[in-house]
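Written below as structure tokens is the structure these notes are about.
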Amino acid sequence: MARYSEALCRICRREGDKLYLKGERCYSEKCSFARRGYPPGMHGQMRRKPTPYCVQLREKQKVRRMYGLHETQFHLTFERSERMKGVTGENLLMLLETRLDNATYRAGFAVNRGDARQLVRHGHVLVNGRRVTIPSYQVRAGDVIEIAAGSRKLKRVQEAIAQAERRPAIRWIDADRAQFRATVSSLPGTDDFATILPGREDGTPGIREELIVELYSK
């Protein structure tokens, strides 16, 4: 499977939004997007009027890169959200948020989603007492996520727990970081998206999932 290996800060600059891909650095003065909030490259500062299709595509790319999915994975997730009852856009965000790698990150056991994905793949994460190595595993209400006993002294886990207080509070996850355990109290909904997704916490649009629905509906 192909893996992105270039500078992560270029992704935030390209998508025009801070996606918090590098953990603690994203909250510091070293954040590249905060210093240079325009697309990378020699033409990055040119002013262009985007077409409606461009706006929809960039929104889809932003969300896909934020959660670290390849195009096929993201499209399959969207198709699943269409088959579910309710609003397709909100279903899509719910499915992305309840991936095991994202839930591990939200619980504060990893500094970013990439690190959480690696923890899951290497068998450091348990769900209801059983080792799960599939990052796309969908957690459900009542599931207990914990770091394996033999992995709790890992430096990366300790650093993540120390940094977790910098992030917005997660209402759908009850985290007991002292015990390296977190419980999924409920599935995330509209009110949760308003506090945990980039931009929405300060009243700006943030992620506009309706644009992704429009793009895939053509």
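Phi angles across the stretch 93-98 convert, under the Karplus curve 6.51 cos²θ - 1.76 cosθ + 1.60 with θ = phi - 60°, into 3J(HN,Hα) values of 5, 5, 5, 5, 5, 8 Hz, Gly and Pro given as x.
Taking the stretch 54-109, which trypsin sites (Lys or Arg not before Pro) meet the DSSP loop condition and have no more than 14 other C-beta atoms within 10 Å? Hits after loop and neighbour filter: K85. For S185, the residues 5 or more places off, or on other chains, whose built amide H falls under 5 Å of its own are G142, I173, D174. Taking the fewest neighbouring Cβ atoms within 10 Å as the starting point, the ordered list for S217, S185, S81, S151 is S217, S185, S151, S81.
We did not get these values from a lab; they are worked out from the coordinates using the rules stated. Bear in mind the structure is a predicted one, so any value in this text is a computation, not a measurement. Glycine gets a Cβ as well: all are built from the backbone with ideal geometry, and neighbour counts include every protein chain shown.
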